[in-house]
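For reference, the structure is listed below as structure tokens.
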Amino acid sequence: MNTRELREAAAEHLVRNGLLADVVPAAQGPILARAEGSLIWDTEGKEYLDFNSGQMCSTLGHNHPAVTRAIRAGLGELTHASSVYYNVPQVELARRLAGTLDAPLKRTLFIQSGADSNEAAMLFARRATGRSGIAAFHLSFHGYTDVTRAVSYCAAGPGYGPSIPDVYAIPTPYAYRAPLASEDPEWWRPLLGMGFELLDRECPGNLAGVIVEPLVSAGGVIEMPDGYLAALLEEVRARGALLIFDEAQTGLGKLGTMYAYQQEGVVPDIITLSKHFGGGLAVSAMVTSDEIEERAIAGGLSFGHSHSSDPIACTAGSASLDVIEAEDVPARARRISAYWQERVRALQQRFEIIGDVRGRGILQGIELVRDRRGKAPAKEEAQAVYRHALREGMIFSVRGQHGNVMRFVPPFGTTEAQLDRALDILEGGLEAAHRR
Ligand SMILES: Cc1ncc(COP(=O)(O)O)c(C=O)c1O
């Protein structure tokens, strides 16, 4: 089919996804045809720098040759097996993954998506503690299933029916906009204290777990203040609950270390991984300790999706761990971050509209504001920069509570020349937004 025919067929037969609906909805965007590394092409042959890494699942680079080779080889052996019985790639991946994590994280459940893995984590926390309360940041995003939507407060909206019960929000320590933020490096302590005081009233003695991202991505690329996660762990432990880190966006090298929790010196009770874990194929993981697994399974929990632990997905997972190790992607993430931030901070000197520059590794954010004093969110300007970039051949995303945070997630293999090209496009977009 040519582009016109594809557009007509899409308009006729696809369910619209509602994503980026007010910026550039799918019907007006490119129809993607092929990709390689940090680049993706549409059906017209137009090239885009993919600074969203697909849906952040291709950060190893689109069609990474090592992952592609492993998948091709695996397809001849065992594509799908059984959710009940173990298969070879599944066991090998579990052992391999455990070797990358810190004790006591060593037992893995493989599923397909980030949402699945977070649902499993919440279920295991509930079963292991015998309680039902789950708390998450008020700017959290953990997935679009009904259970994870209930704890995805940054994507909250009407019309989805009743939420699952026993879920609660605690304040995100968002230094740029927190009401209690000050020069005191521990400004976040009263915010954390207040959050738990509320929880103690709202679900007394019934907190099973707290699920957070170690760097809040969709909520606006919000970094945790120093010491916050360690203090959070103390509060959680004091209540006999479990700490769950959703490392969909931060794990496997993205922030410059294998896992983000390692930068904070805080090992969670449960960690979830997804996104580029399968190098582009759908596979996710929930990893926990012997003790929590034992407590959750005792009593006869049964769990499994038809495609849980699919051998081909696990093969892709092992290949992706090989690439992460062989290419030392955490080091690449650190280099990209340094290069990117130096130029973005120079842009911040020039453009008043850049209120804040945040992010680590390959997860970078720029918050746009109408004026730096009042910090009024510059949502339309962020959208205008996005549209400019798409026209010029670059894809990123616009996120955050007010829709004014531009988020960039370039693949680990992105070259300095590609970063420069992206930054030039960004500069052009900011100039245009500035003139508005
Ligand atoms: C932090 C986080 N958790 C979970 C998810 C959901 O993952 P999936 O779309 O694979 O269900 C996302 C998706 O962007 C995410 O950013």
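Order 382-390, 33-41, 401-409 from most to least packed using the mean count of other Cβ atoms within 10 Å. Walk me through the intermediate numbers first.
Numbers: 382-390: 20.9, 33-41: 17.4, 401-409: 23.6.
Going by the mean number of other Cβ atoms within 10 Å, highest first, we get 401-409, 382-390, 33-41.
Restricting to bridges with both residues inside the chain, how much of the DSSP beta-bridge set is antiparallel, in percent to the nearest 5?
On the way: 33 of 51 bridges.
For the chain, the DSSP antiparallel bridge percentage is about 65.
With a 1.4 Å probe and every protein chain kept in, tell me what percent of the accessible surface of the stretch 314-405 is carbon plus sulfur.
The value for the stretch 314-405 is 43 percent carbon and sulfur by accessible area.
How big is the dipole moment of the stretch 66-326 about its Cα centre under a simple scheme where the beta carbon of each Lys and Arg is +1, that of each Asp and Glu is -1, and everything else is neutral? Debye, nearest 20, please.
That gives the stretch 66-326 a dipole magnitude of about 580 debye.
Among 79-89, 1-11, 412-422, 246-256, how do they line up from the highest to the lowest mean number of other beta-carbon atoms within 10 Å? Don't skip to the end; give the middle numbers.
Details: 79-89: 14.4, 1-11: 11.5, 412-422: 17.9, 246-256: 27.1.
In descending order of packing, they fall as 246-256, 412-422, 79-89, 1-11.
Under a cut-off of 15 Å between alpha-carbon atoms, report the aspartates and glutamates in cross-link reach of residue 375, not counting same-chain residues fewer than 8 places apart.
Here the aspartates and glutamates satisfying the reach criterion relative to residue 375 are 352, 356, 367.
What are the lysines whose alpha-carbon lies under 19 Å from the alpha-carbon of residue 275, with same-chain residues fewer than 8 places away excluded?
Within the straight-line limit of under 19 Å, residue 275 reaches these lysines: 254.
Can you give me the convex hull volume of the Cα atoms of the chain, divided per residue and expressed in Å³?
151 Å³
Ignoring ligands, DNA and RNA, what percent of the accessible area of the stretch 198-312 is carbon or sulfur (1.4 Å)?
Numbers: 1700 of 3530 Å².
Here carbon and sulfur together make up 48 percent of the probe-accessible area.
Give me the dipole magnitude in Debye, nearest 20, for the chain about the Cα centre, with unit charges on the beta carbon: positive for Lys and Arg, negative for Asp and Glu.
The calculated dipole for the chain is roughly 520 debye.
What helices does the chain hold that run 24 Å or longer along their axis, going by alpha-carbon atoms, with a Kyte-Doolittle average of -0.5 or more, using DSSP H for the helix calls?
Numbers: long enough: 329-350 (32 Å, -0.99); 416-435 (28 Å, -0.36).
Membrane-span-like by this criterion, though nothing is claimed about a membrane: 416-435.
At 1.4 Å probe size, with every protein chain present, just tell me what the per residue accessible area of the stretch 333-436 comes to in Å². All intermediate terms of the calculation are to be shown ahead of the outcome.
Working: 4290 Å² over 104 residues.
Accessible surface, normalised per residue, equals 41 Å².
Given the options 400, 45, 341, identify the residue whose Cα lies farthest towards the positive end of the charge dipole of the chain (+1 on Cβ of Lys, Arg; -1 on Cβ of Asp, Glu).
My answer, from the dipole projection, is 45.
Taking the Cα centre of the stretch 66-326 as the origin and placing charges on Cβ (Lys, Arg +1; Asp, Glu -1), which of 216, 142, 85 is farthest toward the positive end of the dipole?
Value: 85.
For the stretch 309-436, what log10 I(q)/I(0) values come out of the Debye formula at q = 0.15, 0.19, 0.22 1/Å, with one point per alpha carbon and no solvent?
For the stretch 309-436 at q = 0.15, 0.19, 0.22 Å⁻¹, log10 I(q)/I(0) is -0.72, -1.01, -1.25.
In Å², and per residue, what accessible area does the stretch 66-326 have when probed at 1.4 Å with the other protein chains present?
Per-residue accessible area for the stretch 66-326 comes out at 41 Å².
Of the options 232, 207, 274, report the single residue whose Cα projects farthest towards the positive end of the charge dipole of the stretch 66-326 (beta-carbon charges: Lys, Arg +1; Asp, Glu -1).
Going by the charge dipole, the pick is 274.
May I have the convex hull volume per residue, in Å³, for the Cα set of the stretch 66-326? Provide the component values of the computation, followed by the final result.
Values: hull volume 33.7 nm³, N = 261.
Spelled out: Cα convex hull of the stretch 66-326, divided by residues, is 129 Å³.
How large is the translational diffusion coefficient of the stretch 123-237 in µm² per second when you combine the Kirkwood radius over alpha carbon pairs with Stokes-Einstein at 4 °C and 1.567 mPa s?
88 µm²/s
Take the alpha carbon gyration tensor of the stretch 180-253, find the square roots of its eigenvalues, order them as a ≥ b ≥ c, and report rounded if a/c is under 1.5; if not, report prolate when a/b exceeds b/c, else oblate.
Verdict is oblate for the stretch 180-253.
Helix-only mean residue ellipticity at 222 nm, the chain, DSSP H runs n ≥ 4 weighted -39,500 (n - 2.57), per residue, nearest 500. What is it?
After summing the helix terms and dividing by residue count, I get -12000 deg cm²/dmol.
Could you please state, rounded to a whole Å, how far the C-alpha centre of the stretch 263-309 is from the C-alpha centre of the stretch 14-31?
Centre-to-centre (Cα) distance: 32 Å.
Order of 342-351, 275-284 by packing, highest average Cβ count within 10 Å first?
275-284, 342-351
The values are calculated or read from the model by the stated rules, or taken from the named source; none is laboratory data. Here the structure is a predicted model, which is why all the values come from computation and not from measurement. For neighbour counting, all protein chains shown are included, and Cβ atoms are generated from backbone atoms with ideal geometry for every residue, glycine included. The protein model used for the area step is the full one, side chains on, heavy atoms only, and it has no ligands, DNA or RNA in it. Shrake-Rupley method; radii C 1.70, N 1.55, O 1.52, S 1.80 Å.
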